Each structure stands twice: as structure tokens, then as C-alpha cells.
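Here the structure comes first, spelled out in C-alpha cells, and everything after it is commentary.
The values are calculated or read from the model by the stated rules, or taken from the named source; none is laboratory data. Note that the structure is a prediction, hence the values are computed from the model and not measured. Cβ sites come from the backbone with ideal geometry, for glycine too, and all protein chains shown count toward neighbours.
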């Protein structure tokens, strides 16, 4: 079992839809949780960052962490075609610098 | 510079050859990381530098891989006797310090193809 599991999709939604992206992880030592967005042939770009459990909101994006079930989520409201990208969840714990990534979910938002 | 710069952006090499991949981090960032991203996978950790020294090289897959950062800025990832399985995108990232509080900034990567 990989330390971070993420459904690779692909996921295709119409413009304006609410998108839900999810990951599970196995290591209870993980304390830092991140979502990165990666456009084709570009490096990952940090979208959301959460320490420990709880919710964090930034504009159209909401990140949730449930440490009891080892489940992390990213919600995108009013999705736009410009949101089309691969979304990677990432976690870290203990080392405080090394990230463990999921496989990424390819999202397409259709106009 | 404004971002993390990686050169070359693409590299095609023959099996058995030696390659060097370069990373220019954001000015002032003391921490530098190399990750490898295979097709359809998330990035996997290779090595972490704090200043000039490799603080954690536990992700390097074998002794054909080596990285240096002699002056605490530019880093070079070196791969000897390349194999087809080394084909991947090699990503470099930097951060202000070695913690995650400020996040990483990734470069666009070097796409290495071994034929």
C-alpha cells in the first residue's frame, strides 16, 4: 500500500460545477497537508496548505483534513476552464521537509 | 531570479551515457530539493540540500545518481550510465528554509528521455 493514495481520474466536469478531489494516507505521523496544481509541462504550484486537522478556505478553494479517517479533500466551487490541470495531494510529517505525493487527479473543466 | 530555473528543459540521451541537470533556485532560498516524476505518477523525493550540504539523500535510487550544490545556490543532479528506467521529469524546488511553513516553489523540470 502506498503512503498516499489518490484516484488518478480523469475527471471531467462542466463549467460552474463543484469539484471534489480526495486522497487517503496511511502514516499517522503526517502533520502537513498540501494541494498542488500542475499544468501540462509545468512544475507543481502550491494551492492550499493545512497543518493538522480542519478546514481552510481560499477563494473558490476549500481544503479539508480529517486525521481520524486519514482523509484529505479539496473542493473547487464554480469551476472554470482555467482550473483544468492535474491536482496533487501531498503530505509530510516527522521530517518537516520531505513531501510524499499522491499520483495526481487529471481534471478537465469543459466550457 | 523570479522563479526556480531548470536547464535543459528537455534532454534526450543514449543508454549508458552521463547527464547533468542544472537547477537555479530562487535567490536567498537556503533549501533545495530534487524530485523525480515518472509518467502518471506524483513527484518522488530524491535529495534535500540545506546550504551546501546534502541533509537527506535517502531518495536517490542508487549510486549512479549524485547531486552537488558547491556554493549553496546552483545545484547539479548527475546521472551516470543512464538506463531507460531513468526516463522521467526531474523537478527541482527551493524554499526559504528547510521547513514547510513557506512552501516549496518548483521549477518546470527537465524531461529526461533515455533511448
| task | Restrict the check to the range A:41-50 and report whether at least one residue is away from chain B (no Cβ under 14 Å) and under 11 Å from the mean Cα position of the chain (by Cα). | result | no
The range B:8-115: strands (runs of 3 or more DSSP E) wholly inside it with 3 or more residues that are under 20 Å from residue A:44 (Cβ atoms) are B:19-24, B:31-37, B:44-50, B:88-95, B:110-114
Residues in the range A:58-97 that are within 13 Å of chain B (Cβ to nearest Cβ) and within 13 Å of the chain's Cα centre (by Cα) total 6
Those residues of the range A:58-98 which are part of a loop (DSSP other than H, G, I, E, B) and at pLDDT below 95 amount to A:67, A:68, A:69, A:70, A:93, A:94, A:95, A:96, A:97, A:98
Those residues of the range A:99-111 that are surrounded by fewer than 23 Cβ atoms within 10 Å (Cβ to Cβ), outside any strand (DSSP E or B) and facing chain B (nearest Cβ under 10 Å) come to a total of 1
Considering the range B:72-85, residues that are more than 21 Å from residue B:53 (Cβ to Cβ) and surrounded by fewer than 21 Cβ atoms within 10 Å (Cβ to Cβ), and then whichever is farthest from the other protein chains (Cβ to nearest Cβ), we arrive at B:81
Contact list, first residue from the range B:33-44 and at positive phi, second anywhere and surrounded by 21 or more Cβ atoms within 10 Å (Cβ to Cβ), beta-carbon distance below 9 Å, six or more apart or interchain, is B:40/A:104
Among the residues of the range A:41-61, the number that are out of contact with any strand residue (DSSP E or B) (no Cβ under 7 Å at 6 or more places or on another chain) and in contact (Cβ under 8 Å) with a residue 40 or more places away in the chain is 0
Residue count, the range B:1-25, condition modelled with pLDDT under 95 and away from chain A (no Cβ under 11 Å), comes to 2
For the range B:90-101, indicate whether the set of residues that are touching a strand residue (DSSP E or B) at 6+ places or on another chain (Cβ under 9 Å), at positive phi, within 11 Å of another protein chain (Cβ to nearest Cβ) and buried (at least 17 other Cβ atoms within 10 Å of the Cβ) is non-empty.
no
Open item on the list: Tell me whether the range B:27-36 contains one or more residues that are exposed (fewer than 14 other Cβ atoms within 10 Å of the Cβ), modelled with pLDDT under 95, more than 9 Å from the chain's Cα centre (by Cα) and within 30 Å of residue A:7 (Cβ to Cβ).
Closed with: no
